[in-house]
Amino acid sequence: MPAKVITIAQQKGGAGKTTLAAQLAVVWARQGRRLALADIDPQASLAAWAELRRTRNDAAGLGFEFAALAGWRAGEWVERHARDTDFVIVDSPPHAELEARIALRAASLVLVPIQPSPLDLWSAATTLRLAREEGRAILAVLNRVPARSSLTETVIAELARGGVPRATATLGSRVAFAQAMAQGRGVVETAPSSAAAAEITALAAEITTH
């Protein structure tokens, strides 16, 4: 079977796309899944994380294929790597409709990270529109969810009202994710018994069966 191709997209910067891509990649790599990870965001944050991981892991390497490339090359790269992997993950750029559309077109599933705030919800509208125009499956992921916030329920209600599928698993606002990223690692490596590790593992399992 061809790989499940996952494009992580959100028009608003700072929504957590890169962290989501990196953390999912580490979970699946540690489960023995074959995967490829692409960074087509000109900010290259995922590429910086991957380089740090490569340096610190020495001979162990990344644990997956990785490339930083221009968005117009994404389609060919994804098609090639989808032939012999279980997952292909694409971290797409914000504020770039053409490249975002190319990344969405290559996807079998579009993950849309949304923080529980009106700004994230409003900015997600463009991504959701593009994904629907391309006929792609969508899964919204609530990210950086605070322990207590009435806005979380508001965002959940708005997603339901708009008919947007939402992952049951959510990611909390946890320092453990940032600490893992700063080390070029996944939270399942740096804090395997933490709530953060449990959350990203649950999300990875849900995406696998979506």
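The values are calculated or read from the model by the stated rules, or taken from the named source; none is laboratory data. From a predicted model like this one, the values you see are computed outputs, not experimental measurements. So basically every Cβ, Gly included, is an ideal-geometry build from the backbone, and we count neighbours across all protein chains shown.
Looking at segment 194-210, which of its residues are hydroxyl-bearing (S, T, Y) and assigned to a helix (DSSP H, G or I)? T201, T208, listed by residue number. Restricting the first member to segment 168-186 and to residues that are assigned to a strand (DSSP E or B), and the second to residues that are crowded, with 17+ Cβ neighbours inside 10 Å and of a type in the set (G, A, S), the beta-carbon pairs closer than 9 Å and six or more apart or on different chains are G172/A196.
Restricting the search to helices (runs of 4 or more DSSP H) fully inside segment 1-112 and requiring at least 1 residues that are modelled with pLDDT of 90 or more gives 17-30, 45-57, 74-82.
Looking across segment 4-44, the residues that are touching a residue at least 40 places away in the same chain (Cβ under 8 Å), farther than 19 Å from T208 by Cα and not β-branched (V, I, T) come down to Q10, Q11, K12, G13, A15, G16, D39, D41, P42, Q43. Say whether the condition of being part of a helix (DSSP H, G or I), out of contact with any Gly (no Cβ under 6 Å at 6 or more places or on another chain), of a type outside the set (A, V, I, L, M) and surrounded by fewer than 15 Cβ atoms within 10 Å (Cβ to Cβ) is met by at least one residue in segment 151-158. Scanning segment 151-158, I find at least one residue that is part of a helix (DSSP H, G or I), out of contact with any Gly (no Cβ under 6 Å at 6 or more places or on another chain), of a type outside the set (A, V, I, L, M) and surrounded by fewer than 15 Cβ atoms within 10 Å (Cβ to Cβ), so the answer is yes.
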